[in-house]
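Read the structure below first, then the notes.
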Amino acid sequence: MPIIVLSLTYWISLLIMGPVTIFVLGSEGPTGISSVYGVVAFWLIVLIGIVVSFLLMKNKDPTNWYQNVFLYGAYQLGFEVVRRSDETMQGDQTWWAQPFIFWWGCSIKYFVPFAVWNLMMWNFQLDLKPKEVGQTGVFRYYGGYHPFWQLMGFVYPFIGLLCFFIPVCCPPDVVTGKRLDDFAKESDAEFEA
């Protein structure tokens with residue numbers, strides 16, 4: 001339950017606060033409130049979710065919660081990165097191992113999705129503003145490209161997604177591997193002249 005609470009808190013607040021921060025807040029938004037407040041509100045919501053997820057733990061073991069809830073998945077990957085850097089192969093952990101795992105895990109699990117989502121929303125906002133093409137009085141969206149190229153910019157990635165999702169949803173028949181005995185031998189009829 002704690003990992004579900006933390007995951008839902010993070011991802012729902014990310015999906016909601018990203019557009020709110022970019023489109024509603026900010027100097028160009030209808031409220032005129034600084035978009036910094038949206039970022040602060042997002043991280044406060046996440047911090048509340050972190051505390052609630054810890055309080056929902058049954059055994060209240062901070063190490064278990066830290067490794068298996070707060071940095072779930074990222075902790076294991078960070079530990080593997082640290083383990084691979086052990087040149088002596090003695091299994092000794094260096095002083096920087098835990099700080100690195102914390103930094104790397106928080107970056108990968110929490111900061112990078114936040115940064116990428118907000119950058120996408122920011123670019124999406126810029127793409128929604130019409131731009132004048134030359135001094136013709138013609139306004140175009142999405143970088144001023146012709147509507148045909150905008151359509152192509154949607155169609156080609158869509159085809160790529162279809163090429164990925166169709167085999168995932170409709171896998172081909174299972175192909176069994178051949179053994180060496182399954183191949184023809186030189187004594188078989190097809191090898192004779």
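Of the residues that make up segment 80-94, is at least one within 20 Å of Trp11 (Cβ to Cβ) and either outside any loop (DSSP other than H, G, I, E, B) or touching a His at 6+ places or on another chain (Cβ under 9 Å) (or both)?
No: segment 80-94 contains no residue that is within 20 Å of Trp11 (Cβ to Cβ) and either outside any loop (DSSP other than H, G, I, E, B) or touching a His at 6+ places or on another chain (Cβ under 9 Å) (or both).
Inside segment 22-78, can you point out the residues that are part of a loop (DSSP other than H, G, I, E, B), surrounded by 11 or more Cβ atoms within 10 Å (Cβ to Cβ) and small (Gly, Ala, Ser)?
If the condition is that a residue be part of a loop (DSSP other than H, G, I, E, B), surrounded by 11 or more Cβ atoms within 10 Å (Cβ to Cβ) and small (Gly, Ala, Ser), then Gly26, Gly29, Ser34, Ser35, Gly73 are the ones that fit.
Using the structure shown, decide if Ser7 is among the polar types (S, T, N, Q), free of Cβ contacts under 8 Å to residues at least 24 places away in the same chain and in a helix (DSSP H, G or I). Full working, then the answer.
Numbers: among the polar types (S, T, N, Q): yes; free of Cβ contacts under 8 Å to residues at least 24 places away in the same chain: yes; in a helix (DSSP H, G or I): yes.
When the stated conditions are applied, Ser7 passes them.
Return the residue satisfying two criteria in turn: it lies in segment 92-130 and is of a type in the set (Gly, Ala, Ser) and touching a helix residue (DSSP H, G or I) at 6+ places or on another chain (Cβ under 8 Å), and of such residues it is farthest from Phe42 (Cα to Cα).
Per the stated criteria, the residue is Ala97.
Starting from segment 119-130, take each residue that is surrounded by 14 or more Cβ atoms within 10 Å (Cβ to Cβ) and list its partners that are of a type in the set (D, E, K, R), counting only C-beta distances under 9 angstrom and pairs at least six apart or across chains.
Gln125/Glu28
Got a sec? Which helices (runs of 4 or more DSSP H) wholly within segment 95-193 have at least 2 residues that are touching a Leu at 6+ places or on another chain (Cβ under 8 Å) and either modelled with pLDDT of 85 or more or not acidic (Asp, Glu) (or both)?
97-106, 112-127
Which of the residues that make up segment 21-38 are without any contact (Cβ under 8 Å) to a residue 24 or more places away in the chain and under 30 Å from Tyr66 (Cα atoms)?
Of everything in segment 21-38, those that are without any contact (Cβ under 8 Å) to a residue 24 or more places away in the chain and under 30 Å from Tyr66 (Cα atoms) turn out to be Val36, Tyr37, Gly38.
Tell me whether segment 86-103 contains one or more residues that are in the same structural domain as Ile22 (by TED's automatic domain parsing) and under 26 Å from Thr21 (Cβ atoms).
No: zero hits.
For Gly49, are the conditions met, namely being assigned by TED's automatic domain parsing to the domain that holds Ile4 and in contact with a Phe, Trp or Tyr (Cβ under 8 Å, 6 or more places away or on another chain)?
For Gly49, the condition - assigned by TED's automatic domain parsing to the domain that holds Ile4 and in contact with a Phe, Trp or Tyr (Cβ under 8 Å, 6 or more places away or on another chain) - is met.
The values are calculated or read from the model by the stated rules, or taken from the named source; none is laboratory data. Just so it is clear, the model here is predicted, and its values are computed rather than measured. Don't worry about glycine lacking a Cβ; one is built from the backbone with ideal geometry, like all the others, and counts go over all protein chains shown.
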